[in-house]
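Here the structure is laid out as structure tokens; the discussion comes afterwards.
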Ligand SMILES: [Ca+2]
Ligand SMILES: [Ca+2]
């Protein structure tokens, strides 16, 4: 029993020292490429996984961070599972008999696991959440809302364009893909 506990302790110490090491900004020399496993979508929102997959591929290629390869030759693997997609009332106003929803928040939660494919070690395993706000205007570019929360509103922001709900989904997909990439690069 003591031996088992000692072993567990050693593993914990080892793992935590690894994570300290990896946040120092050193590129793991054994990881040069990535296999993107087909995204698992546990929600009824069929589009969201496709949007995230497209954006993640685009970002990895354009920023030239890791080469995308198939699983046979992969050093690392990323597994994404969309666990939750939800539209929630964001701002309300008082109507005559009940409250009206003026703005909605579209949010997506994904479990993202990046692992060293050859060693079989998990580099990170995180639940990530991103969102976008949309109103009832015909187009996001003139709703007066900072839909992605970046401080730029309507014509100041090229990301704010198109039908509200569709664009909200696009923005959330973009934001979560960017967050995944930030997590990959920040572990180096
Ligand atoms: Ca904005
Ligand atoms: Ca807007």
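Scan the stretch 128-147 and report the pairs whose first residue is on the phi > 0 side of the Ramachandran plot and whose second residue is modelled with pLDDT of 95 or more, with Cβ atoms within less than 8 Å and a gap of 6+ or a chain change.
144/135; 144/153; 144/154
Does the stretch 133-159 hold any residues that are buried (at least 17 other Cβ atoms within 10 Å of the Cβ), within 9 Å of ligand 1 (Cβ to nearest atom) and under 19 Å from the mean Cα position of the chain (by Cα), and which are they?
147, 148, 159
Go through the stretch 94-120 and report how many residues are free of Cβ contacts under 8 Å to residues at least 60 places away in the same chain and in a strand (DSSP E or B).
Quick first cut of the stretch 94-120, residues free of Cβ contacts under 8 Å to residues at least 60 places away in the same chain only: 94-103, 105, 109, 111, 113, 115, 120.
Of the ones still in play, those that are also in a strand (DSSP E or B) are 94, 99-103, 105, 109, 111, 113, 115.
Number satisfying all stated conditions: 11.
Give 117, 98 a once-over and let me know the one that is more than 28 Å from residue 63 (Cβ to Cβ) and away from ligand 1 (no atom under 13 Å from the Cβ).
On the way: 117 fails: more than 28 Å from residue 63 (Cβ to Cβ).
Among 117, 98, only 98 is more than 28 Å from residue 63 (Cβ to Cβ) and away from ligand 1 (no atom under 13 Å from the Cβ).
Could you please tell me which pairs satisfy a Cβ distance under 8 Å, a separation of 6+ or placement on different chains, a first residue in the stretch 148-170 that is under 27 Å from residue 43 (Cα atoms) and in contact (Cβ under 8 Å) with a residue 40 or more places away in the chain, and a second residue that is part of a helix (DSSP H, G or I) and more than 10 Å from ligand 2 (Cβ to nearest atom)?
Close Cβ pairs satisfying both conditions: 169/47; 169/48; 169/51; 170/51.
Looking at the stretch 94-104, is at least one residue surrounded by 13 or more Cβ atoms within 10 Å (Cβ to Cβ) and at pLDDT 95 or above?
Yes, the stretch 94-104 contains at least one residue that is surrounded by 13 or more Cβ atoms within 10 Å (Cβ to Cβ) and at pLDDT 95 or above.
Identify all residues within the stretch 140-186 that are within 22 Å of residue 82 (Cβ to Cβ) and in a loop (DSSP other than H, G, I, E, B); write none if there are none.
Answer for the stretch 140-186, where residues must be within 22 Å of residue 82 (Cβ to Cβ) and in a loop (DSSP other than H, G, I, E, B): 147, 148, 149, 159, 162, 163.
Which residues, counting only those in the stretch 64-79, are surrounded by 12 or more Cβ atoms within 10 Å (Cβ to Cβ) and not in a strand (DSSP E or B)? I'd like the intermediate steps shown before the answer.
Step one: filter the stretch 64-79 for residues surrounded by 12 or more Cβ atoms within 10 Å (Cβ to Cβ), giving 65-69, 74-79.
Hits for the stretch 64-79 are 65, 66, 69, 74, 75.
Please indicate, with yes or no, whether at least one residue in the stretch 80-91 is assigned to a helix (DSSP H, G or I) and closer than 28 Å to residue 38 by Cα.
Our first condition is that a residue be assigned to a helix (DSSP H, G or I); within the stretch 80-91, this holds for none.
Taking every residue of the stretch 80-91 in turn, none turns out to be assigned to a helix (DSSP H, G or I) and closer than 28 Å to residue 38 by Cα.
Pick out the one residue from 143, 148, 139 that is more than 30 Å from residue 183 (Cβ to Cβ) and in contact with a strand residue (DSSP E or B) (Cβ under 9 Å, 6 or more places away or on another chain).
Working: 148 fails: more than 30 Å from residue 183 (Cβ to Cβ); 139 fails: in contact with a strand residue (DSSP E or B) (Cβ under 9 Å, 6 or more places away or on another chain).
Within the list 143, 148, 139, the selection yields 143.
The values are calculated or read from the model by the stated rules, or taken from the named source; none is laboratory data. None of these values were measured; they are calculated from a predicted model. Cβ: placed from backbone, ideal geometry, glycine included. Neighbour counts: every protein chain shown.
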